[in-house]
Amino acid sequence: MQQAITLAALNEQIKQTLDANLLPSYWVIAEIGELRDSVKGHAYLDLVEKASSGIVAKMRGNIWSYTYQTIRRKFESVTGTPLQSGMNILALVTVQFHELYGISLVIKDIDANFTLGERARKRQEIIDRLKAEGLFDQNKQFVLPKVSQKIALISSVTAAGYGDFVNQLTENPYGYRVHVRFFQASMQGNNAVSEIIGAIDRVEELQLTEGFDMVVLIRGGGAQTDLDCFDAYELAKTIANAALPVVTGIGHERDESIADLVAHTRLKTPTAVASFILSGFQEYEDSLRRQMVYVERYTQKKLKLASERLLGNVHLLKNLFYGKVSGEKNKLDSSAQKTLRLSQHKLEKKRIQVTNLQFYLKKSSSIRLQQSLLKLEQYEKTIRRSDPVYLLSKGYTRTEKDGVPLHKTRIQSGDTIVTYSPNKKITSQIKKIDPA
């Protein structure tokens with residue numbers, strides 16, 4: 001049986017074996033699966049190699065601060081883009097084995113002229129295609145409502161940020177009510193793209209009845225390799241062509257997918273999206289409050305100016321009124337005295353005229369009365385002579401047909417007529433009518 005050794009001894013043998021058999025450095029092609037900057041200026045990487053079946057190799061990499069600053073400046077000056085997850089790099093590395101932290105690669109240099117990794121190249125090709133098709137900024141043309149109250153949420157119940165997003169909206173301290181309808185879709189894996197597209201299609205089918213204000217797509221971060229689905233062209237095209245503004249909160253600050261780029265608004269995390277929605281409520285409420293304050297101040301200012309103007313007018317009117325009243329009172333007193341004198345004079349004249357008229361009326365009335373009596377006697381005699389009875393007594397008669405005098409009606413042979421004398425009523429029938 002082989003003699004047992006300690007783990008530290010084994011690690012020491014591994015370290016010595018590696019140091020003895022490996023070259024001082026190697027040029028290695030690998031993809032940056034994840035890149036993290038430390039507060040001390042170092043960079044920590046996950047280097048991976050992929051095949052159609054997935055990741056076939058993975059190792060930690062480190063770039064120490066002094067080297068990292070040089071590499072980063074040179075790389076950005078040549079490529080125009082910073083080092084980031086998803087890039088294929090050609091790196092000069094040394095293999096380092098540490099008894100506590102295991103094996104890792106220390107990156108000494110990166111060839112900036114090496115073509116960007118396959119993932120980054122494809123990503124840039126998709127971005128260029130979207131721009132050429134006029135889709136890249138299409139969703140950004142929507143104008144967000146001032147207050148978004150109906151949200152179509154696309155996520156997975158198992159996504160890290162789903163619960164945080166919903167809780168932040170429903171339990172907000174301001175009491176705002178946001179209606180969220182959930183649409184399930186995978187947020188990673190082979191089915192993620194088709195399920196997210198399907199969820200967007202379902203949202204648009206329900207838009208007429210639901211009246212959504214926006215679509216929210218959230219995930220909650222994760223390793224860069226888990227976010228590949230959000231760089232798919234078909235998903236980006238669907239988001240760009242969506243009938244509603246799309247707001248994303250897919251990953252952490254260092255993650256920026258093509259879905260983020262084509263969306264109307266890209267935010268870091270699901271909680272940032274929730275805060276963004278609530279901020280719309282707050283901004284609208286603040287706007288209303290400012291308008292109310294403005295209206296109140298404007299009204300107070302107007303009321304104060306009107307009050308001051310009114311008081312000034314009141315004083316002016318009082319002075320004018322008192323002056324007018326005093327002047328008119330003096331005029332009235334003078335007119336009253338004058339009117340009194342004129343009235344007394346006119347009354348005296350009228351009294352004399354009335355006395356004269358009274359005497360004249362008495363005299364003229366007496367004369368008129370005598371004349372009228374004489375006329376009445378004459379009228380009486382005339383009327384008496386015109387009385388039918390008087391005429392009948394003189395030998396005249398009155399003949400009628402059907403109660404109508406003969407001179408006022410038409411007569412003919414055979415008609416019956418009635419003749420009146422002072423003491424007889426004679427009924428006759430006309431036999432013959434001769435012209436006079």
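Observations on the model:
- Checklist (1) surrounded by fewer than 18 Cβ atoms within 10 Å (Cβ to Cβ); (2) touching a residue at least 24 places away in the same chain (Cβ under 8 Å); (3) more than 24 Å from Phe230 (Cα to Cα); (4) not aliphatic (A, V, I, L, M) applied to Phe75, failing item: (1)
- Considering the conditions (1) over 28 Å from the mean Cα position of the chain (by Cα); (2) among the hydrophobic types (A, V, I, L, M, F, W, C); (3) modelled with pLDDT of 95 or more, Ile127 is excluded by exactly one of them, (3).
- Residue in the range 344-360 that is open to solvent by less than 80 Å² (accessible area, probe 1.4 Å), out of contact with any helix residue (DSSP H, G or I) (no Cβ under 7 Å at 6 or more places or on another chain), modelled with pLDDT under 85 and not in a loop (DSSP other than H, G, I, E, B) present: no
- Only residues that are surrounded by 15 or more Cβ atoms within 10 Å (Cβ to Cβ) and of a type in the set (A, V, I, L, M, F, W, C) were counted across the range 19-49, and they come to 8.
- The single residue among Ala185, Ala192, Ala152 that is closer than 18 Å to Thr238 by Cβ and in contact with a Ser or Thr (Cβ under 6 Å, 6 or more places away or on another chain) turns out to be Ala192.
- Which listed residue, of Gly41, Gly54, Gly61, Gly33, is at positive phi and either in contact (Cβ under 8 Å) with a residue 12 or more places away in the chain or charged (D, E, K, R) (or both): Gly41
- Of the residues contained in the range 280-289, none is found to be open to solvent by less than 70 Å² (accessible area, probe 1.4 Å) and more than 30 Å from Ile151 (Cα to Cα).
- Which numbered condition Pro82 fails, given (1) open to solvent by 50 Å² or more (accessible area, probe 1.4 Å); (2) in contact (Cβ under 8 Å) with a residue 24 or more places away in the chain; (3) within 23 Å of Asn113 (Cβ to Cβ): (2)
- Verdict on Val106 being open to solvent by less than 70 Å² (accessible area, probe 1.4 Å), modelled with pLDDT of 90 or more, touching a helix residue (DSSP H, G or I) at 6+ places or on another chain (Cβ under 8 Å) and over 27 Å from Asp231 (Cα atoms): no
- Matching residues in the range 1-18 - criterion: being surrounded by 10 or more Cβ atoms within 10 Å (Cβ to Cβ) and either touching a strand residue (DSSP E or B) at 6+ places or on another chain (Cβ under 8 Å) or part of a loop (DSSP other than H, G, I, E, B) (or both): Ile5, Asn11, Ile14, Lys15, Leu18
- Flag for Val166 being assigned to a loop (DSSP other than H, G, I, E, B), at pLDDT 90 or above, farther than 30 Å from Ala20 by Cβ and not aromatic (Phe, Trp, Tyr): no
- Contacts under 7 angstrom Cβ, first residue in the range 263-275 being among the β-branched types (Val, Ile, Thr), partner surrounded by fewer than 22 Cβ atoms within 10 Å (Cβ to Cβ) and in a loop (DSSP other than H, G, I, E, B), 6 or more apart: Thr269/Gly221; Thr269/His252; Val273/Leu267
- Failed item in (1) open to solvent by 90 Å² or more (accessible area, probe 1.4 Å); (2) more than 30 Å from Thr397 (Cα to Cα); (3) among the aliphatic types (A, V, I, L, M), with Ile383 passing the rest: (2)
- Qualifying residue in the range 144-154 (condition: open to solvent by 30 Å² or more (accessible area, probe 1.4 Å), under 19 Å from Glu285 (Cβ atoms), assigned to a helix (DSSP H, G or I) and touching a residue at least 12 places away in the same chain (Cβ under 8 Å)): no
- Unmet requirement for Gln300, which otherwise passes all of (1) over 23 Å from Lys146 (Cα atoms); (2) part of a loop (DSSP other than H, G, I, E, B): (2)
- Residue that is farthest from Tyr101 (Cα to Cα), among those in the range 71-89 that are in a helix (DSSP H, G or I) and not hydroxyl-bearing (Ser, Thr, Tyr): Val78
- Residue within the range 406-415 that is assigned to a strand (DSSP E or B) and surrounded by 10 or more Cβ atoms within 10 Å (Cβ to Cβ) present: no
- Condition check for Ala306: farther than 30 Å from Val193 by Cα and of a type in the set (A, V, I, L, M): yes
The values are calculated or read from the model by the stated rules, or taken from the named source; none is laboratory data. Just so it is clear, the structure is predicted and the values come from calculations on it, not from any experiment. Reconstructed Cβ throughout: ideal geometry from the backbone, glycine too, with neighbour counts over all protein chains shown. SASA here: full protein model, heavy atoms, side chains in, ligands and nucleic acids out. Shrake-Rupley method; radii C 1.70, N 1.55, O 1.52, S 1.80 Å.
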